[in-house]
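Just below is one structure, and these are the notes that go with it.
The numbers here are math on the coordinates, done by the rules we state, and not lab data. Please read all numbers here as calculations on a predicted model, not as lab measurements. Note that we place each Cβ from the backbone using ideal geometry, even for glycine, and neighbour counts take in every protein chain shown.
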Ligand SMILES: Cc1ncc(COP(=O)(O)O)c(C=O)c1O
């Protein structure tokens, strides 16, 4: 009789966003006359920029001609895209990353969840709390997280690094020494960033302790302040301790198009074993490449016109972020994030739990957000609002929140 991977059975309850979605649907079914506004899921809403559409159309036409038709993509991605990434995301920022250290994929979620496969099950992982749930859940599925404790809402073998008001939502070095450290800046869900000096301390810590940092920079395009690193490779020594994951979802609106990449420097080794080689082997065996058409669209992101159009798109969402941040602050809410990230991290008023505030907001303002506790126990009493809606719906949602009796 076949058996299932029992690690999957350890995963508790339904996924955070399924619960949020279910509650919203139930409310809407009971109140069909109400217009519910969603500032919950981190999905973009603006259409693809014209430069992306042109690249897509052109690539589709190429696929229709025998002379320009392409079959399987090269394992690690087309040279034209990897060169554009190396040049624009790395060399232009003074980072020593070459095109052959870049692995093109269909998004950061797959890479963030799959990368753990190349590490031993004996490794201890450390994650921020609150955290993007994919890092923990993928380790649970692999059998690296131990058992779930429903009382503390934590996994026995995972090291948690609380990100709280007290530390400015930036993790401190944990008491136990981890082997694998997941960091994400600008952060989902808190919208917090890390200074270059602090990230350098993390790189030094990892090199000293023989740990690897898995750095998720999916929201890099939203950085507006100076001295906030866009890449971990801006830090000295990162080539021997860090893997970086990036996405085209939030900078170019590719959530439905699908494109991302992972960087593994050649110097990154466990003893004599190169992680670059392991990931290349894994990529070659289990993945057949992002589509040619999409990789051409990715290349267009780096064209002068692409940069201009996408800067405007990011600015559109950040205008929403500033609107949410300023107006809620003005109304007496305690808010953070929203400066270098499209997320606003709100302290729930009157000591409400995150889910109490979720229900209160849905009932009284017909606005849906995401309860902070869904991202980890330290997210309790916090709430995430996203800036990815339209400007009009964002303004309406915030006006309703401001009018809500509290
Ligand atoms: C921190 C973080 N990493 C990765 C992703 C997923 O990116 P992609 O759409 O490229 O899979 C998200 C999506 O919301 C995210 O918030």
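From the Cα gyration tensor of region 111-257, with a ≥ b ≥ c the square roots of its eigenvalues, which class applies: rounded if a/c is under 1.5, or else prolate if a/b is larger than b/c, or else oblate? In terms of gyration-tensor shape, rounded.
Computed extension length for residue 96-residue 277: 63.3 nm, one decimal, from 0.36 nm per residue of separation with the Cα-Cα distance subtracted.
How do 110, 95, 163 rank when sorted from fewest to most other Cβ atoms within 10 Å of their own Cβ?
110, 95, 163
When its C-alpha radius of gyration is set against 2.2 N^0.38 Å (N residues), the chain gives a value of 0.99.
Helical runs (DSSP H, four residues minimum) scored at -39500 (n - 2.57) apiece and divided by the length of the chain put the mean residue ellipticity at 222 nm at -11000 deg cm²/dmol.
Contact order normalised by length for region 102-219, with contacts defined as Cα pairs under 8 Å and 6 or more residues apart; what percent is it?
Numbers: 164 pairs, mean separation 29.4, N = 118.
In percent, rounded to a whole number, it is 25.
Computed extension length for residue 164-residue 316: 51.9 nm, one decimal, from 0.36 nm per residue of separation with the Cα-Cα distance subtracted. When peptides 282-289, 113-120 are ranked by their average number of other Cβ atoms within 10 Å per residue, the highest-first order is 113-120, 282-289. Across the chain, Cα pairs under 8 Å and at least six residues apart give a relative contact order of 23 percent. Residues of region 207-232 with amide nitrogen under 13 Å from the 7 Å Cα-to-Cβ point of residue 88? Flagged as within label range: 221. Summarising the label geometry, the points placed 7 Å from Cα in the beta-carbon direction at residue 27 and residue 406 lie 1.6 nm from one another.
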